[in-house]
Amino acid sequence: MKLKLFAGAALAAVTIASGASAREVGWYGAVDLGYHWPMGIDGTSSNNAANGKPYNWKFNQADDWSGFARLGYQVSSNWRVELEGGYRPGDIESVRGGASNAIQGLCTAGVVRTTAAPNCGSPTGSLTTYTLMGNVIYDILPDSALNPFIGVGVGINQTTADAIVGQFSTITPVGPAATPANPAYQNLTIDDDDTAFAWQGIAGVAWAITDRLDADLTYRYLSGSDLTFASKGTHALQPGAFNGAYEDQSLTVGLRYSFAPP
């Protein structure tokens, strides 16, 4: 009897140490919320500037929250596949290029600058990204309470440039002496969207809360093919369409529920 009690206590201790058992084959659903750090779009214009070179500007986006919803299938103890929808919003922080550009970026629209007051702040607008990805995930320690995982995903990225408006920043300010032929400022508007192939790398760790419920801490790196956004100037300067890839990093916390019985 004592031997049986000892064996039972030992088994319980091993179970607690090892955590929940691996998930059974079957469907699961998950929701993730967190933060994302856009890495900007390095945009190159289709038309040349006055120096004979394209405009080469970086569209910098502010950090913001992000959200994901996933429907997956546990194929085996180690492997699972899932369909993931993602949402990444964010305001435009700046549009800037290097010294090799004839015009070095955009600043606040509508501000009449002078030689004494040449600055005009940042442009306005936002970038909003929706992704639909097919992911393959590998669970490294499926029998452990803390289970690291890695994965990859491919799919599509649909990004909207919503009313990005600014004035060309390095036009010589002419102040009150402006004329229709020589305006005090020229604005540029980008209000367009595009869809392109996307891929992502995934890494994280899952904590088995119950036999069916996991908490996921997930890092994602997103990139893909170039996106194209048309632009329209208010006067002589017309850069045309800007072309560049969207890159982003995100860190989320989520809950994943297995529909398969434990």
What shape does the stretch 31-157 take by its C-alpha gyration tensor, where a ≥ b ≥ c are the square roots of the eigenvalues and a/c under 1.5 counts as rounded, a/b above b/c as prolate, and the rest as oblate?
prolate
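Rank the residues D214, D191 as a footprinting-exposure proxy: fewest other Cβ atoms within 10 Å of their Cβ go first.
So the residues, fewest neighbours to most, are D191, D214.
Estimate the FRET efficiency between A203 and T160 by the formula 1/(1 + (r/R0)^6), using the beta-carbon distance for r and 30 Å for R0, to the nearest 0.05.
Details: r = 28 Å, r/R0 = 0.94.
It comes out at approximately 0.60.
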Counting only Cα, what are the radius of gyration and maximum Cα-Cα distance Dmax of the stretch 2-258, in Å?
25.4, 100
Whole-number percent relative contact order across the stretch 2-258, with pairs defined as alpha carbons under 8 Å at least 6 apart:
22 percent
Two decimals is fine: what's Rg over Rh for the stretch 15-88, C-alpha atoms, Kirkwood radius as Rh?
1.30
Full-stretch length increase - W27, A145 - with 0.36 nm per residue and alpha-carbon distance subtracted
40.5 nm
Please give the helix 2-18 orientation as an angle from the longest Cα principal axis of the chain, in degrees from 0 to 90, rounded to the nearest 10.
10 degrees
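Values in this text are rule-based calculations from the coordinates and carry no lab data. Fair warning: this is a prediction, and the values are worked out from it, not measured in the lab. For neighbour counting, all protein chains shown are included, and Cβ atoms are generated from backbone atoms with ideal geometry for every residue, glycine included.
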